[in-house]
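The values are calculated or read from the model by the stated rules, or taken from the named source; none is laboratory data. Note that this is a predicted model, so its numbers are computed, not measured. Reconstructed Cβ throughout: ideal geometry from the backbone, glycine too, with neighbour counts over all protein chains shown.
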């Protein structure tokens, strides 16, 4: 079976939860450590064997694709100054992935964003989708875990995580048959009301999508929040064949809110080989001396 070579990354949102920081800078370029959130996602895809990225962007978000483009002026300046390590890092970004871009004129939902990418992936037996608001830490990469499940079952695959009842209403939720780590999905509900979730298995921000999902999405009306929901499209695909879920190994860090972003920094930076020592020293000083009050 041909390998999955493309990941769709929806990135057309307005970033309102990060305002005012995101008035001119896309939230996907907010850094975690020394690289932006979007690059973390693309690196996960590359580590999973994926060579092509379809970015679904919005108006004014041209900087997302530019991050992965060659910048000969910058490279020349780094070479002239002898900054060899930085030069290698900058060139490595451009080598991560082949990038195609399609625009979503309005943020009308994750399902609508995926539909915008369909003309660029026709003919491929399956593609991945990745939400950059969720940053994955672990081995093997989360997308790799889903691709491995697809190689066996040859159907749509969703990432699943057990979630407390107080949080389950924020997600799509799967009803399943069988025991993990790979289960058969029998139904999906987007953002269920309290007490109405079919299980404690939330659908997280990684998917393998097939043409059956795209066909179902094309006939999916707006659902929760008045948007076309990808969860509803995958539910529609159940009519034409199986869908499986993977209770993945590893951790997804929520960087879609300022609070989640701060928590992710606290969790990840201490182990960063370059920034870790200064981060740990700053935290130790803060604990000893107290916060700086303006």
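All conditions but one from (1) surrounded by 15 or more Cβ atoms within 10 Å (Cβ to Cβ); (2) modelled with pLDDT under 95; (3) closer than 20 Å to residue 120 by Cβ; (4) touching a helix residue (DSSP H, G or I) at 6+ places or on another chain (Cβ under 9 Å) apply to residue 3; the one that does not is (1).
Looking across the range 220-247, the residues that are under 30 Å from residue 31 (Cα atoms), modelled with pLDDT under 95 and buried (at least 19 other Cβ atoms within 10 Å of the Cβ) come down to 228, 229, 230, 231.
Look at residue 233 and say whether it is in contact (Cβ under 8 Å) with a residue 60 or more places away in the chain and either over 23 Å from residue 114 (Cα atoms) or more than 22 Å from the chain's Cα centre (by Cα) (or both). Criteria not met by residue 233. As a summary of the residue check, residue 148 satisfies the conditions (1) at pLDDT 95 or above; (2) under 20 Å from residue 228 (Cβ atoms); (3) not in a strand (DSSP E or B) except for the one numbered (2).
Please verify whether residue 173 is crowded, with 21+ Cβ neighbours inside 10 Å, touching a strand residue (DSSP E or B) at 6+ places or on another chain (Cβ under 9 Å), at pLDDT 95 or above and closer than 17 Å to residue 230 by Cβ, treating the condition exactly as stated. No, not satisfied. Scanning the range 15-32 for residues that are in a loop (DSSP other than H, G, I, E, B) and crowded, with 17+ Cβ neighbours inside 10 Å turns up 15, 22, 26, 30. Counting only residues that are in contact with a strand residue (DSSP E or B) (Cβ under 7 Å, 6 or more places away or on another chain), in a helix (DSSP H, G or I) and over 21 Å from residue 8 (Cα atoms), the range 218-241 holds 1 of them. Of the residues making up the range 268-282, those that are in a helix (DSSP H, G or I) and either touching a helix residue (DSSP H, G or I) at 6+ places or on another chain (Cβ under 8 Å) or surrounded by 14 or more Cβ atoms within 10 Å (Cβ to Cβ) (or both) are 268, 269, 270, 276, 279, 280. A count restricted to the range 176-193 and to residues that are in contact with a strand residue (DSSP E or B) (Cβ under 6 Å, 6 or more places away or on another chain), in a loop (DSSP other than H, G, I, E, B) and in contact (Cβ under 8 Å) with a residue 24 or more places away in the chain stands at 3.
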